[in-house]
Each structure stands twice: as structure tokens, then as C-alpha cells.
Amino acid sequence: MRQADRKADILVIGAGPAGLNAALAAASAGASVLVLDENASAGGQYFRQPIGLEDKSGGEPGRGAQTSAEKGRDLIARAKAAGIRIAAHSTVIARTGEHALAFVESGADGESIVEARAAAIILATGAHDRAIAFPGWDLPGVLTPGGVQTLVKSSGARLKGPVILAGSGPFLMPVARSLLEAGTNLTAVHELARPSRWLARAGRMVGHGERLAELAGYAAYFVRQRLSGARLDWRFGSRVVRAEGEGRLERVVVARCDAHGSPQPGTESVREAAFLAVGYGFVASVQSAALLGCRLLHRENAGGFVVAHDEDMFTGTPGVFAAGEVAGIGGIACAAIEGRLAGLCAARSIGFAVDERAIVAARKERRKRRAFAALVAELYPVPRSLYDAIPDDVVVCRCEEVSAGAIRAACAPWIGDASSLKAATRCGMGRCQGRFCGHQLQEILARENGVPVEDIGPMSMRPPIKPVAARLLAAWGERREPVGAASSAAQGVGGPDSAGP
Amino acid sequence: MASEAEHFDVIVVGGGVIGCSVAFYAAGIGARVLVLEKAAFGGGASSANPGSVALSSKQPGRSLDLAIASRILYETLQAELDADLEFAVEGNLTIAETPEELAFVEDLSNGQRLAGVPVRSLSADECRALNPLLEGPIVGGAHCPIDAHTNPFLVTAAFARGAVKRGAQLRPRVEVLGIDQGEAGKLTVRTVNGPITCDHVVNAAGLAAPRIGAMLGLDHDVIPRAGHVAVLEAAGPCARVKTASASQLLAKHGPENPASRAGISLSYNYKPASGTILLGGSNQKGIASREVSLDIMAGIIAGACRLMPRLEDLTILRAWAGVRPYAPGGPILGRAGADERYLAAFGHGGDGMALAPVTGRYVAEQLRSSRELSLEEFLATMPGGGGLAALAVEMNEHAAGDA
């Protein structure tokens, strides 16, 4: 990438549905846009592109609807046609100025740290699986739904042996479909939520026909699979109790659960499995937002701590907007319209002329999408009992090997926030910086102290937000001027030419 | 409607390692103690430091005397607090990169030796023998085998737990708004949750200490000094001895470090309990921001890699910045010119973790005493440099036993 490519009017972090739509909207207003994405190619989880097949043209024959990868390819092509620069393999690590971020770029000649500067930033960093510890969750062969979908979508890996999918949320449906289409022996899906929750909310579903049709489409697909002889066993109101095996996953113990997610005595059964993917919805990926000092607030069942924002997706941090799952889990359609709204409003905020009617229309559509997302969140609640049920001897923080018992033992009334408990236990201090254990520590402390998770706050997140090789930072340090006393952390910004070699 | 305000013998303002140590020892002499912390316990400088319990970084005089007494207290602190503090005696190696720096280290070491610290001058080769990662240009150094390090989070938490066990109350997120001198010698501490009365206020508020002192008309001088540390994932053979460049001491004790005004210098600290290397640091005088600057972090890494090139192969997990509450003449302890109702315990600079035990003891002794107890009088009751000789002998015996 050339030096000039690192400056843009608008910098978008994340090239998923929200980020790509944000980029397109901003570009349509005349802004120059640079999109960074840490994955090997643009698209995000929903539009995940197969690696090495990016130039494959045409859809798969014999299928009516476009696959999500095809839709994603179209969107990426439109973005590129609009002059938007998309940098894959680009991992944000730190903030270097008001609207400047340092990222690790990996190119043909290796990795280096470079700086991207813009007048406004749009955070579209998405979310990651909400994995909740249970006995055996650290066995090889136990994955998350997002992880297993990435495996089959990006590399076409065929998992050998029986696969079980479990947890909760509408995401299990596309993952199940991805697994079946990849030729996997998916034997069972254990969805903790019950269909009865749908009936209780039927009235509020009016007006969301398009979204319901997508869900119905999945349901019809699984019925067709069943009719054509697939032996997929889809169970509602049940969950994984534990995973077992010698050195790797061999068996999964499942049980029917009551309305609070607690297993009902006598309903346990054992299923053979070589792979198990368990996830209870998503946790917003707010690390970049934290770098930029954005305010986070807690959204139960919709991403945990998410980026706070107003109706124009403005975060309150000057020049910083957010869109999609990072602003609260809402699904693909919600991410797309939030991206568009954020793109328009970010462009407007830095002086580009934007048709006000387009913003009004986007706001209106967004409200509708959010209403449906709120409904979905109610349909697939994450029972707090899942956190209470983590046995003391089960490791919660896999990086630092901290058990639930060690976390509970360190809790005290005077430890009032997640960061203090992190400090006392080392939970969240490893490579993943609490991405997978953070919500578990928050929930455990909230329960022990009898306060809402909102009061516990998120764990501190520190740069570099992803591990980085010391030699890359040393090289960055060597080519900078000596740091002056006037260069406080807040002002620690290099000159515009200092980012390049 | 006059509801009776709560009353305590002692209200400690500030829930860092100093405030928690004060609470532990004050509760130990039977005082009813309340600790008020405006944010989170141990959330300030107490959790943003490498846990150094060192003597070789201290200037001879009051600062070193305090450090010696505290170092001896640390020897039995884990038993006293019934907690694993990850206390490890791995020694400290100070390295000089220029003849001028070596002269400074020699001068400092001489003073420390006079006070009883077993610090030994080393040639460049002897330094490399102690820490084989040192491949960059050095001219010599000094080694203090009894310098130690600990896990700062565990120390603060153990003092807090110990204080609670002794009946102290700890309240996070309670900000002090004002202190009124009421009738009958009582003080009224006004908080966001209402007034609380007490006989004594201990100001252990760190950076906020001047604001608390001003509530009683006192003028305290505490200057922020920000410092950065990068956390590396340890892999391969790691030298256990803590290794710091003399420029770090110059940044700490000197007025300004001309080579780099952020005071960037090497401080290598291997933490076997967590499998990490803490790499410091910076000494940004007058800076109170805890935001991490990538440039300073990178400057630290670049400098460290010049002296220890093999660090280049490691991975950086995270970095943090903390703010040392620095008082120009050393920590402000005791009555500090006020009457017997007020006790100061702040301004430890970068030495709060090392000096927490002795600070807590001194404040508790002052609370127990009916008259003003000078720090010198108090230190005379503690084992001094003579006590270190015993530690050093023990160390040598260990070493002999291992060999």
C-alpha cells in the first residue's frame, strides 16, 4: 500500500456489512474512504469470502438465491468501483492521535506498523461469540459457532466425524446450514430458547415480514434436509452440560432445561461428537472503541458492553461513529442500515453535503430494524444461570488458566469493578485480553456482589489491543524522533510523514 | 431531623496500597477504621507499577532508610498477611552505558554500602554473566542481590483483605467532598454519601492528596510523573535478575534527562509467576495522563532491544501507563505540620509498593502515640541496615545450597 493510501477523509474499521455500507454511503457523499480489516479478505463473518477464490466469477449454478459470500462479493466490488480502498490483513493496535490509529499491516514483504489518519472514524468492528465456560469446554474439538463457520466458509475445511451445534440465538441457523452445505455430519442442534417465546410475541412481529421470511427460509431449508433423509436432530429448550473425552472431544452430555436454563434432573443424555460448537449469541468487539475513549454501556442479550451512540450513530467522541454489532447486536439488516446512516452522518460531520432526506429515511429504517433486533434478543435470552452454573474447578480464562473458583474467591464487596478483579486474578491478562473471559468475569462479580453488570463495567482494554511482535514496535520506535516531554500521551502523535519507511 | 452520623476512629482517604496498609496496621492496634476510595481499590498507581521492592534505586538518607525498613518487613509480609504475594528475591542489576553513568552508579553504590546494603560493583562482563540477554554496549554496573519484586495487585488486595479481617470497612466509589473541623475535636468528612465523623483523617490519596490536604487548609506539593510499561510474553531463556539502566535512576533522581525528555530508559523485570517480562519505562515529569502513547511504548521497546537484542523475538501483550505521585523531598509522612487529627501518607513517587509496609506501620505507631513521633524516632525502633546483613547471609547460604 502506498503512503497516500493511509490518509482518508473517513477511516472505517471493519469490512463487514456495517463497514462496507458505511464506506459506500460516505463515498457517495464525496468522501475518500479507507477501510481496514484484520481478516484475510473483506466481508466480515456474514459475507465471509473463501480464501484464494476471490476472483471466481459467477454464482454457483443450480441455486436460485445468491449465497451470502456472493452478496458480499458484489458489495465489495461496488465499494472498490466507488474508489474505496479496502486494506485486508490490517490489525488496529493503538491510537496515535485524535483520528489516527496504528495498525499492523501484513504484506508480501512481511509485517510492519503503519498509521492511518482521517477526519472521522467509523467503528464497525462487529462482535465475537459469547462462549460460556462449562466442564470440558477447553477440550480440543470444542469450538464456537463463529469459529466453526469461519473454518468451513473460508477454507472449506471438512470436519470429520459427528458435529454438534449448541447454544442459543438465530445465528445457529446459518451456521447449521453452512455446516450441512460443507458436507459436515451435523447430527444435532441444541437451542436453549423455546419456540413458545415466539408465540408470546407474535403480535410484535407484524411489519417485519422480510426478516421473518429469512428465518422461515432457514426453517424450510432444515425441513427439506430432514425430508431428504438428513438425520439432523434439532432440539429446543436443551443445552450442553459438559463435554468429555480423552485428550480431545469424544462425547457431549446434553440435558433438557427449565425456563431459567437449568438442566432438569433425569433428562441428561450422551451424544457422540468429534466437534462441538457452543455459543450464546455475541459479545460486541469494543477494543478499538475503547482505544478511542468511546463510552460503553451494557445491553443485556444484545452484546454486553457496546458502544453508546445517538440516533445518527455518533458516539459522543468527536468525529467517531459506530455501526452494526459493535453498537448492539442487531443482525445483518440492522448492521447494513446502521452502516449507511453512520457513513452519511460521518461525511456530513466533516463538511460533505449529504441529502438530509437520505438521513431521515435511514434513521427510520434503522428504528424498524432495531425494533426487530430487540424482539430477537427477547426470543433468545442468555440466562444468568449459565454463569452461576460454571463449576469452581472449570477454567474461565484460558490464556492465564484462571478458574471460576479463583475468580469467585477473589470477589469482595470492596472490589467493585471488572478491572480490579482482573488485576486480582489475572483473568483477562493473556493474549485475548478478555475477549472471551471478560463477560464471564463481569457476570460472576455482578452475581457475587449482587449488583447489575452495568455497575461492574467492562475490563480495562490496553494497547496493543492485539499482540504484536516486539521487533515491529522497535522498528517503529527507531524511525521516530526522540519523544519530547511536551509529547504527553494524549499528544503523542508523530508527523504526517513519520509513518512511512 | 438529625440522624446520627457514623463515627470512626480513623478515616483513611485513598484505597491504594498505602491506604490499605495504613488500614491494616491501624486496625491492628484496635482502631475502628474506614477507608474511602473515590474509584476502585488499588486502581491508581498501585496497579500501574512493576512491583519493585528495591534498595539499589534509593538515594542514601531518609529514602533509603525507609526502604531498608520496608524491605525487612517484606521478608515476613506473606506470613503476616497470610497471602501469596509472589514475592521473589531475584536481585537487581544496574547497568551503565557510559563512563559518566558508571561514575553515578559507583557514587550511589558507595552511599548504599555505607548504609549496609550489600551492593557490589561489576565489570561489563560480570553484568553479562548475570544477565546473558545483555548484548548491547555497556561499561559496567552494580548488583544488589537482596532486591526483590512482588505482584502489586496481590499486595494491595492482601492488605485490604487483612484490614477487613481486622474489622476495617472499605468503601469504593465514595468521593470525599470536604472535611470540617467540628466541635469536641472531631472531624467531619463530607462524602458523596453524606457526612461521617472521625477522630483522625489519614491522607493517603496519592495524586489527589493536595486536594484533600487543602480541605484542612494545608498546602501539599505532589507532582505527577507518568510512566509506561510494556508487557511481553516470556519465551525461551529469561534472565531472572531485574535489570535497569543507570539512566532510569538519573531520570528518577536527576532534574531532567537530556537524551530523552520522556525519561525513557531500560527496566527489565521478569515475572516468573505470570510468564511475562515487564519492560519499562518512562518518567514523564508533570504528566498525569494514563493514556498509553505508542511512541513512548515503541521508544521503550527500541531502547531495550538495543541493549537486549533477543527481546525482539518476543510478543508484546499489552502496555499500560501509570502516574507516580511524586513529592520533591520524598514521601510526606506523619503530621506534616497539622495537628494530631491529621496524618499524611503520600508522595511516594515510584516507591509506594516498596514503602507500603513501613508507611502503614509508621502511621499506626503515630496513631497510637499521644505525642508526635518523628520518622527518625520510629525508624530507630525498626531493624536498620544491620538487619540486611542477615538477609544477605541467608541469600548466600541459599546460593551455596543451590550450588
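Coordinate-derived values only; no laboratory data. Just so we're clear, the structure is a prediction, and the values are computed from it rather than from any experiment. Note that we place each Cβ from the backbone using ideal geometry, even for glycine, and neighbour counts take in every protein chain shown.
For the reader, a short list of remarks on this structure follows.
- Förster radius 22 Å - calculated FRET efficiency between residue A:385 and residue A:201, Cβ distance, rounded to 0.05: 0.50
- Gyration tensor verdict on the stretch B:265-403 (Cα atoms; rounded if a/c is under 1.5, prolate if a/b is larger than b/c, oblate otherwise): oblate
- Computed over chain A, relative contact order equals 17 percent, with contacts defined as Cα pairs under 8 Å that lie 6+ residues apart.
- Most to least packed among A:240-250, A:24-34, B:341-351 [average Cβ atoms within 10 Å]: B:341-351, A:24-34, A:240-250
- Calculated FRET efficiency, residue B:235 to residue A:478, Cβ-Cβ distance, R0 = 22 Å: about 0.50 to the nearest 0.05.
- Number of partner chain Cβ atoms within 10 Å, mean per residue of A:91-100: 2
- By the beta carbon rule, with partners counted only under 4.7 Å, chain A holds these lone Cys residues: A:257, A:294, A:334, A:345, A:399, A:411, A:432.
- Once the chain from residue B:389 to residue B:4 is taken as fully extended at 0.36 nm per residue, the excess over their C-alpha distance is 133.2 nm.
- Under 5 Å between amide hydrogens, built in the peptide plane, is the criterion, and for residue A:279 it picks out A:166, A:167, A:168 among residues at least 5 positions away or on other chains.
- Result for chain B in a Gaussian network model with C-alpha springs under 10 Å: among B:219, B:339, B:65, the largest mean-square fluctuation is at B:339.
- Amide H within-cut-off set for residue B:179, under 5 Å, with H built and near neighbours excluded: B:190
- FRET efficiency for residue A:454 and residue B:114, using Cβ-Cβ distance with R0 set to 41 Å, rounded to 0.05: 0.10
- Note, ³J(HN,Hα) from phi for the stretch B:267-283, Karplus 6.51, -1.76, 1.60, rounded to Hz, x at Gly and Pro: 9, 9, 9, 7, 10, x, 5, 10, x, 10, 10, 8, 10, x, x, 9, 9
- 222 nm mean residue ellipticity, helices alone, for chain B (DSSP H n ≥ 4; -39,500 (n - 2.57); rounded to 500): -10500 deg cm²/dmol
- Full extension of the chain between residue A:260 and residue A:393 gives 45.6 nm of extra length, using 0.36 nm per residue less the Cα-Cα distance.
- Cα centroid separation, the stretch B:92-146 to the stretch B:184-206 (Å): 47
- Highest to lowest packing among B:177-184, A:300-307, scored as the average C-beta count within 10 Å: A:300-307, B:177-184
- For B:38-48, mean number of other protein chain Cβ atoms within 10 Å: 4
- Prolate/oblate/rounded label for the protein assembly as shown (Cα gyration tensor, a/c 1.5): prolate
- With contributions of -39500 (n - 2.57) from each DSSP H run of at least four residues, the per-residue ellipticity at 222 nm computed over chain A stands at -9500 deg cm²/dmol.
- For residue A:368 and residue A:300, the difference between the fully extended length at 0.36 nm per residue and the C-alpha to C-alpha distance is 22.5 nm.
- The modelled label-to-label distance for the pair residue A:224/residue A:112, using points 7 Å beyond Cα in the direction of Cβ, is 5.0 nm.
- Pairwise label distance in nanometres, residue B:377 with residue A:311, each label 7 Å out on the Cα-Cβ vector: 7.0
- Peptide A:431-441 shows a mean partner chain C-beta count of 1 within 10 Å per residue C-beta.
- Cα centroid of the stretch A:218-294 to Cα centroid of the stretch A:441-472, whole Å: 25
- Column: log10 I(q)/I(0), Debye, Cα scatterers of the stretch A:390-456, q = 0.27, 0.29 Å⁻¹: -1.22, -1.38
- Cα centroid separation - the stretch A:342-362 against the stretch A:9-28, whole Å: 13
- Segments B:292-298, B:36-42, B:161-167 sorted - mean Cβ within 10 Å per residue, highest first: B:292-298, B:36-42, B:161-167
- Greater than 31 Å apart at Cα, pairs in A:422/B:285; A:160/A:368; B:242/B:285; A:7/A:71; A:422/B:252: A:160/A:368
- Simple spin-label estimate for residue B:184 and residue A:251 in nanometres, 7 Å along Cα-Cβ: 7.1
- Quarter of Cα convex hull surface for the stretch A:131-280, i.e. mean projection, nm²: 9.6
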